[in-house]
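Working notes for the structure below.
The values are calculated or read from the model by the stated rules, or taken from the named source; none is laboratory data. The structure displayed is predicted, hence computed values, not measured ones. All Cβ positions, even for glycine, are placed from backbone atoms using ideal geometry, and neighbour counts span all protein chains on display.
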Amino acid sequence: MAGTAAAGRYVGQSVKRLEDPRLVTGHGRYVDDIALPGMLHAAFGRSDLARAAITQLDTTAAEALEGVRAVFTGADLNPHNDSLRASLYPPTSPAPPANMLADGDVRFVGDPYVMVVAESRYIAEDALDLVEAEFEPLDPVVDYETAADSEHHVHPELGGNLAHDVAVPNPTQQEAFENAAHIITETWHQHRQTNVPMETRGIVASWQPHAGVMEVWASSQSPHEMQLVGARVLGIGEHKMVVHFGDVGGGFGQKMFLGREDMAVLVAAKLLASPLKWIEDRRENLMASNHARIEQMAVSMAVDGDGCFLAADLDQLEDDGAYPLGGPATPGAMAAMLFPGPYRMGPVSWRARTVYTNTCGRGAYRGPWQMESVAREQMIDRVAREVGMDPLELRRRNVLRPGDLPYEAPTGLSFETTISPEQTLEQAAEMIGYDEFRAEQAEAREQGRYLGLGMALYIEPTSMGMGPLGTESAMLRVEVDGSVNVFMGTGSHGQSLETTMAQLVADELGVRPEDVTLHQGHGSGYGFGTGGSRSAVIAGGAARAAASGVRDKVVAIAAHLMEASADDLEVADGVISVRGTPAASMTMAQVAATAYQNSDALPAGMDAGLEHTARYKAPPSTHSNACHMCVCELDPGTGKVSLLRYVVSEDCGVLINPMVVDGQIAGGVAQGIGGVLYEHCVYDESGNPLASTFLDYLVPTAAEVPELETGHVVVPSDTPGGHKGTGEGGAIGAPPAVFNAVADALAPFGAYPNRQPLDPDTVLGLIASASD
Amino acid sequence: MADQKSLSMTVNGRTRRGRGEPRLTLADFLREQALCTGVHVGCEHGVCGSCTVLMDGEAVRSCLLFAVQADGADITTVEGLAPDPETLHPVQEAFRDCHGLQCGFCTPGFILSVAAFLEANPDPTDDEIRHGIAGNLCRCTGYQGIVAATRQAAAAMRAGE
Ligand code: FES
Ligand code: FES
């Protein structure tokens, strides 16, 4: 089975999605659609101050309001949970205190300090107005660049604001710098953005007191993380934690881990022994779910006289906020290790730090360590400009070619022979018409029009085969009528797994995709869920293995019943037939009925039934790669940037469903465009978030996202089916590509941008200060 | 409890009666009392368009209207668009054909907005489509499939007339 890299009957086809008939008719089941008898509603009171002591908290009036069932403070709830730890976060690492609700002091604007439970959300919010709370403001830590040295501590328990500090110097890097023709240095800044799933977070929890069972419906990317961590929070066994998985309205990393509010709802539902629902509102989502990309990387690169990269020195700093979602992370280390990317780079020294601030916590956002591509690709364009070389030519000179593979990157990562950065670079250049564009650009400049082209080339480690992320399982059962149920630990929330997993099963087992139903959540085997571009390879590997196990049995039974040789049988679309003699056939339903209802007719010694469970363990890493190129026009009068063309050439190995792959890329690209040009979670100096509605936080619309042209290079990976992950890539390549396009358009003004967002004001400022 | 008003409106061709305080939004009435959970609430402040429904044929944001303002009105939600259980509306069909949805949360709002847009402009250019649907937000698709779906639905609806 492994290494079967060709497209199949269904794999490789743009099969229409099995999810869609219910979703286009309004029959999806999202968490807010769940209504249980006697269900209560929760609302959180949140801090308006970035850092303050709570000097008074009186909930009497709120409790007295008709329809209010309970009001909880930190003192009430926190003792019922001793850890906010997610399953990826080591139990021994220092972490913020396990406060589901702020207790004694608040640590960012949006920090929940009280929770009201009432008969309706309207009443719960009325009651919040009756909570009497007084605060004594304290000096907040807002600026992450100076946070480590601040005398004020976000979490006094930790004794400082530095969350992580990892340094890996490389002595040969210094040597390389001494002999270099050019050393170019810049600090690249990303800015605070947020995931913005169109469905906010939410949970319904229902406790059955005498049975000791917690039943949960959650908007989650990982039903097993909810099962595992939820059970730990509640002090019950996982077998008593029943997590239903319905439709989920996007996540982009935000719904991988349990938030403090999720835990508070679980605990409160148990204390009250009543079904309890919490649906986050958009204001809460924008200011208190998680933020991301608040980071900078100082890069020095040494280059020889021919433009060959010799060495690099990196210093990465990232803002963790107050309560990072999923635990204090060290994506900076990953960003540094991935920095060499698709190039021969020479020795790299790096340091990565994260700090706490009195702001919304950091969380995973599609491509959580994409700073490596942002800093590297923007740096390469800068190097090209400094040494007077074309940026495409500079990349061509340094890109990993097939002959370089397999390749050990100087930071310790190894790339297999199945990556194709050079091919995607060339395909993208061809698609966009690189040389023609440069001519057109020169002409346009003479007419006073400012066009820019940006590109970004990257390798993405998908499907990490390590620790909790390493495996997925599939339990597959052919039912008596020949239809198929498969139970998996995934959490599809837009990725179309109901369709793509059905395609894999259909080919492997020999049925039609519409004969297969994917079940996620309760009843499935442990899996980390959907995120990290991991489902195609890891979940796909499990689905294939489970289907293949059943297929072997189907063939053995059919051969026995038809008195044929198993080697002569083929299975397709639910029919088992003798190759070359299609009249000699039987159906999957006949085989299944025999397996369950007439087991005496099975071959001697064969177990009854037609089911198989398989767990797939992925190799440490499978890499996909892509090249983005885009063209923008900049209006020097208004500072407005418009994208005119956008091209992606990518290699995600064998495509399971090209329509779905293109859709994943497009969504990521739109987020990258939004990030560089429009979206910004602005804080003022006192730590007040200024973008708490969609009027201030500008998600791009159809009018801002251009038509996307995609090209596919297909080099199959060595994993079963030859797939590679693709979910995050669009959001990795787009930010540096868009940034570089704007920088290119700004070049005639002598401007050197090094930070985002590149909104009209910033662009005008860059033009003005360059001409000073 | 503030005074409750009784409410009555036609939802997807059926009379729906209910009660609510004056502050009850139309979105909440449709979701909780008319049981049309295809009405999705993505922002509650009138920007995302997820909650779009047709009120007397016009696309409106049901999070910005109070249920009392719709008393007596004729409302169509996404549940009321398909002509029968076997057939999809051309806009629904096009969203499926063109991968106009991923998570599906924005989809009911988009489908109704597109249906109303094509009613007013049956033969739009791509640019008109992009601006015509710019009042709805989708975070998953990058709008590629939605623009293509609108194009396909326009052609299908013109052909069907
Ligand atoms: S929920 Fe009504 S416009 Fe967003
Ligand atoms: S499909 Fe997910 S928001 Fe549009």
> If you take the residues in region B:118-135 that are more than 27 Å from A:G668 (Cα to Cα) and assigned to a helix (DSSP H, G or I), which one is nearest to ligand 2 (Cβ to nearest atom)?
Replying inline: B:L118
> Is it the case that B:V47 is modelled with pLDDT of 95 or more, under 23 Å from B:S6 (Cβ atoms) and near ligand 1 (Cβ under 10 Å from one of its atoms)?
Replying inline: no
>> Please verify whether B:T150 is more than 16 Å from ligand 1 (Cβ to nearest atom) and buried (at least 24 other Cβ atoms within 10 Å of the Cβ), treating the condition exactly as stated.
In response: yes
> Only one residue in A:A618, A:A604 is among the hydrophobic types (A, V, I, L, M, F, W, C) and within 15 Å of A:S463 (Cβ to Cβ). Which one?
Replying inline: A:A618
> Within region A:659-708, which residues are touching a Gly at 6+ places or on another chain (Cβ under 9 Å), more than 8 Å from chain B (Cβ to nearest Cβ) and more than 24 Å from A:Q370 (Cβ to Cβ)?
Replying inline: A:S692
> Cβ-Cβ below 6 Å, separation at least six or inter-chain, first residue in region B:101-118 and within 7 Å of another protein chain (Cβ to nearest Cβ), second near ligand 2 (Cβ under 10 Å from one of its atoms) and hydroxyl-bearing (S, T, Y): which pairs?
Replying inline: B:L101/B:T107; B:Q102/B:T141; B:C106/B:S50
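Condition check ((1) within 16 Å of ligand 1 (Cβ to nearest atom); (2) within 20 Å of the chain's Cα centre (by Cα)) across all residues:
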| site | (1), (2) |
| --- | --- |
| A:H189 | no, no |
| A:N195 | no, yes |
| A:R201 | yes, yes |
| A:A205 | no, no |
| A:E215 | no, no |
| A:S222 | no, yes |
| A:G230 | no, no |
| A:V233 | no, no |
> Among the residues of region B:118-149, which ones are of a type in the set (V, I, T) and either within 16 Å of B:Q102 (Cα to Cα) or out of contact with any helix residue (DSSP H, G or I) (no Cβ under 8 Å at 6 or more places or on another chain) (or both)?
Replying inline: B:T125, B:T141, B:I146, B:V147
>> Taking the conditions exactly as written (within 15 Å of ligand 1 (Cβ to nearest atom), more than 20 Å from B:F110 (Cα to Cα) and outside the structural domain of B:G109 (by TED's automatic domain parsing)), does B:A27 satisfy them or not?
In response: no
>> For region A:578-588, give me each residue that is closer than 18 Å to A:A547 by Cα and surrounded by 17 or more Cβ atoms within 10 Å (Cβ to Cβ).
In response: A:M588
> Inside region B:136-161, can you point out the residues that are within 14 Å of ligand 2 (Cβ to nearest atom) and not in a helix (DSSP H, G or I)?
Replying inline: B:N136, B:L137, B:C138, B:R139, B:C140, B:T141, B:G142, B:Y143
> For B:G142, all conditions in the list (1) touching a residue at least 12 places away in the same chain (Cβ under 8 Å); (2) buried (at least 24 other Cβ atoms within 10 Å of the Cβ) hold save one; what is the number of the exception?
Replying inline: (1)
>> Tell me the residue from A:G730, A:G721, A:G765, A:G711 that is at pLDDT 95 or above, at positive phi and not in a loop (DSSP other than H, G, I, E, B), please.
In response: A:G721
